[in-house]
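The values are calculated or read from the model by the stated rules, or taken from the named source; none is laboratory data. What you are looking at is a predicted structure, and each value in this text was computed from that prediction instead of being measured. Cβ placement follows ideal geometry from the backbone for every residue including glycine, while neighbour counts extend to all protein chains displayed.
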Amino acid sequence: MAFDQIIGQETQRQRLMDALMKNRLAHAYLLYGPPGTGVEALAIELAKAVNCHKGPGEPCQACPSCRKIQMLRHPDLYVLLPSSSTKMSRGEDTKGEDGGRSDARLDRRIGLMEALAEDPYSPLLYNKNDFLSVDDIRGLRQAAYVKPFEGRRKVVLISEADRMNTAASNALLKTLEEPPGELFLILTTHRPHGLLSTITSRCQPVHLGPLSESVIQESLTTRYKIDPEIALLVAKQSDGNLHQALHALSEEGIQCRKDAFSLLASIHGDKPLLIFEKVEQLAAQHRKTPLVEQLLDMLLSYYRDLFMLAVSSNETLVNHIEYLDPMKEIVQRTTMEQIEVGIHDIEEIKQNIIKNAHIHLALTVLALRLRGRRGQAA
């Protein structure tokens, strides 16, 4: 199977392999799909396939070119990831040899690239200040005009391309319209609607859909050595998103599940003032680590279970079986219609946060809305 480092997505990788073997690759591709479907992993494998020493085709994974591209250190691979001066959670800003602070934005980008190289399926936590600037694209254009040093083609990978600001997007258009020499561009995004239509129209689109539960379970047990029973449970809760599955197994993911259910319990509990305490706590946590979107996804997952309990007596349909009893109590006080409207409320607030809404205010509005729904149904 071509691109054997990719999890699932057989149709998409075979399509790219056929184009490569027939020398019909477009000059630019846009790989897009929900988080955790493998857009970054496929982009890296495609870069390997283009420059593998054994010839264009399925990457051997063993030659110097494949190994360097896997580490994102190939001289003919130019990688752009969004970044800001925000500190990485695993370390403080460092100081240069002259005693002054090093470029915090560059340090953050290097940290993100190291994490991506280590595992392209591991979720990278970006915040609202991470972006791709016009200077980033200008640097890309300068690199693009340099002939390949080791490989057959110069490959540019732009991850999270929807995070380009307007000036950067316009600068990239010039490269897409007149790509120099053997330049090969790969853009990835989980939000294609955030890109200019003039950019998407100049790229060959490749859509990656959600992964099946069986594929996620198998990858967790074989690639990540997770206990099969735990892998089955996590895959069931993942909604086709491997990022979500891996995050659920991390310390942050475990805490996120607890925080989301604690918020749910306070909304549907008998002490409404606890809502404000919980929202204040979550907003403070978000300022340290941007996890509100993941928390809202988890809250949606709990509401999905509430819905299943409201429409069916089959408890095996519940994903979060560890919270079965308290969710059954919530369902007794909540109608199916109110659960449906609550799901819509969560989706709406999540989109507002993506569009840069104030975190504390957005969470407060959501919690009070959901509390109001509960009150109307009581």
Only one of (1) free of Cβ contacts under 8 Å to residues at least 40 places away in the same chain; (2) surrounded by 17 or more Cβ atoms within 10 Å (Cβ to Cβ); (3) over 15 Å from Ala117 (Cβ atoms) fails for His53. Which number is that?
-> (2)
Just wondering, is there one or more residues in the stretch 116-139 that are touching a Phe, Trp or Tyr at 6+ places or on another chain (Cβ under 7 Å) and either of a type outside the set (Lys, Arg) or part of a helix (DSSP H, G or I) (or both)?
-> no
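Give the stretch 195-220 a look and list any residue that's assigned to a helix (DSSP H, G or I) and in contact with a strand residue (DSSP E or B) (Cβ under 9 Å, 6 or more places away or on another chain), or say none.
Just the residues of the stretch 195-220 that are assigned to a helix (DSSP H, G or I), to begin with: 197-200, 213-220.
The answer is Ile199, Thr200.
Among the residues of the stretch 142-149, are any touching a residue at least 40 places away in the same chain (Cβ under 8 Å) and touching a Ser or Thr at 6+ places or on another chain (Cβ under 8 Å)? Break it down into steps so the answer makes sense when it comes.
Filtering the stretch 142-149 down to residues touching a residue at least 40 places away in the same chain (Cβ under 8 Å) leaves 143-144, 148-149.
Going one step further and asking which of them are touching a Ser or Thr at 6+ places or on another chain (Cβ under 8 Å), we end up with 144.
Yes; the residues of the stretch 142-149 include at least one that is touching a residue at least 40 places away in the same chain (Cβ under 8 Å) and touching a Ser or Thr at 6+ places or on another chain (Cβ under 8 Å).
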In the stretch 4-54, anything under 20 Å from Pro75 (Cα atoms) and of a type in the set (S, T, N, Q) is listed as Asn51
Could you give every pair whose Cβ atoms fall below 6 Å, whose first residue belongs to the stretch 353-367 and is assigned by TED's automatic domain parsing to the domain that holds His286, and whose second residue is at pLDDT below 85 and among the basic types (Lys, Arg), counting only separations of at least 6 or pairs across chains?
-> Asn356/Lys128
Out of curiosity, is Arg153 of a type outside the set (A, V, I, L, M, F, W, C), modelled with pLDDT under 90 and part of a helix (DSSP H, G or I)?
-> no
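Would you mind stating whether Leu309 is modelled with pLDDT of 85 or more, buried (at least 21 other Cβ atoms within 10 Å of the Cβ) and closer than 29 Å to Ile7 by Cα?
Details: modelled with pLDDT of 85 or more: yes; buried (at least 21 other Cβ atoms within 10 Å of the Cβ): yes; closer than 29 Å to Ile7 by Cα: no.
Against the criterion (modelled with pLDDT of 85 or more, buried (at least 21 other Cβ atoms within 10 Å of the Cβ) and closer than 29 Å to Ile7 by Cα), Leu309 does not qualify.
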Is it the case that the stretch 1-11 has a residue that's surrounded by 21 or more Cβ atoms within 10 Å (Cβ to Cβ), over 17 Å from Ile216 (Cβ atoms) and at pLDDT below 90?
-> yes
Identify, please: which residue in the stretch 162-191 is under 16 Å from Gly139 (Cα atoms) and small (Gly, Ala, Ser) and is, among those, surrounded by the most Cβ atoms within 10 Å (Cβ to Cβ)?
-> Ala168
Failed condition for Cys66, given (1) within 19 Å of Thr11 (Cβ to Cβ); (2) touching a helix residue (DSSP H, G or I) at 6+ places or on another chain (Cβ under 7 Å), with all others met?
-> (1)
Check Gly57 against each of (1) out of contact with any Pro (no Cβ under 9 Å at 6 or more places or on another chain); (2) part of a helix (DSSP H, G or I) and name the one condition it does not meet.
-> (2)
Restricted to the stretch 127-161 and to residues being surrounded by 20 or more Cβ atoms within 10 Å (Cβ to Cβ) and not hydrophobic (A, V, I, L, M, F, W, C), the residue farthest from Ala26 (Cα to Cα) is Asp130
If we keep just the residues of the stretch 246-276 that are buried (at least 18 other Cβ atoms within 10 Å of the Cβ) and of a type in the set (Val, Ile, Thr), which is nearest to Ile321 (Cα to Cα)?
-> Ile267
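Given the structure, is Arg109 in a helix (DSSP H, G or I) and surrounded by fewer than 16 Cβ atoms within 10 Å (Cβ to Cβ)? Give the steps one after another, and end with the answer.
Details: in a helix (DSSP H, G or I): yes; surrounded by fewer than 16 Cβ atoms within 10 Å (Cβ to Cβ): no.
Here the answer is no, as Arg109 does not meet what is asked.
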